[in-house]
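Heads up, the thing below is written out as structure tokens.
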Amino acid sequence: MIKNSILLFSLLLIGSCGGDNEEKLTSGVSEIPEPKPTYTTRDATLSFEAFNAHFYDHDSKLYYRTTQRKQLAEGWTQAIFWDIAMDAYLRTGSKKALDLVKEIYQGGNEAYSEFNWPDVKLVNDFIYDDMMWWVISLARGYELTQNQEYLQKAISGFDYIWEEAYDTQNGGMKWSWKVKGKNACINYPTVIGAVLLYNITDDAQYLSKAKNVYSWSKKNLFESNTGRVADHKIGDSNPGFEDYTYNQGTCIGAAVMLYQATGSGSYLRDAKLAADYTKNVMSDSEGILPAEGDWNEQGVLKAIFARYLSMLISDGKQEQYLPWLRHNAATAWANRDPSRNLMYRNYKVACPTGDFQSYEASSAVGIMQACPPGKN
């Protein structure tokens, strides 16, 4: 969860397009040439190794909050860092990367009540989206390792969250038991988790749940004429629109995965609309994504966005977005702290040389693992 989102939610409490046939669609994204300077596969490895050198704790097997290495990062962000490690393994195929993937699982398992989900909720104080990020990562971890323990904990986690959070009367997933409202950060990840489990188990109930929650989300959180994703909806009030890259990204991921599972072109259209909105409205005139995460957990958001935009590029076969994503990574790498090879949340400025957060340092690393570099 994002702490300032909780504050925002508290303040708020106080005070279908297209048919089902696949078609070749014209994107609204403007042309971006291949970035110069660019980055290489070696640079991608260096960036990941540097991130680990400055933030990873081999004792806890989790990541620190800052370069001072005094306090661990928030629990839900550890799942995002684990995803980055998995992407690094997928990119390199190295035993070292795979060993780290397995090690991070051990760290999460030890820190978060062995993924006994009622305890994860009450003892570790995870709300529903915190848990769902881990469910997604556990399912991905199973796909990479074939470790049944990962899969069983992903299944039990998804089923627990569904029973707790799904609104049987009005549809959609509740964000928390602490405040009212349904956020994009639980609804679209629920779709992703459900399709992952459907792909692994071939159990049709997961695909049915994914379609159900996606339908609610499209009706309540998605502007079908622009591709803009709302952050939340409270009761019968209008959706709360606050532009965050991870909401755009999980919408893209949910849509692409349902497109693959069903063959329905309407899902692919939604994914492209969400990508185009992020590029044309949320990014600056040079195509650089917003510098989210001013000393808070939002620094990880672009790493989530990059993973699912990469899915649109590869699985959705929409390569027109590839130069844009590379341009962001190349800009961040060009502005890295050369003494530490660390990158910053604001890709257009020089990375700070002093203390800063793992959240802020993570997103460009995530892009470089998920997005292949161009020809050099």
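Each reported figure results from applying straightforward, stated rules to the coordinates on display, with no laboratory input. Keep in mind that this is a model prediction, so the values were computed, not measured. Note that each Cβ is placed from the backbone with ideal geometry, even for glycine, and that neighbours are counted across all protein chains shown.
Summary table below
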quantity: Sites Asn147 and Lys219 - FRET efficiency at Förster radius 45 Å, r taken between beta-carbons, to 0.05; calculated: 0.75
quantity: Debye, to nearest 20: dipole size of the range 36-370, +1 on Lys, Arg Cβ, -1 on Asp, Glu Cβ; calculated: 740 debye
quantity: Positive-pole candidate from Thr41, Ala85, Thr190, dipole of the chain, charges at beta carbon; calculated: Thr41
quantity: Among 56-66, 123-133, the order from most to least packed when residues are scored by Cβ within 10 Å on average; calculated: 123-133, 56-66
quantity: 222 nm mean residue ellipticity, helices alone, for the chain (DSSP H n ≥ 4; -39,500 (n - 2.57); rounded to 500); calculated: -18500 deg cm²/dmol
quantity: Over 32 Å (Cα to Cα) - which of Lys211/Lys302; Lys153/Lys178; Lys96/Lys211 fall in this group; calculated: Lys96/Lys211
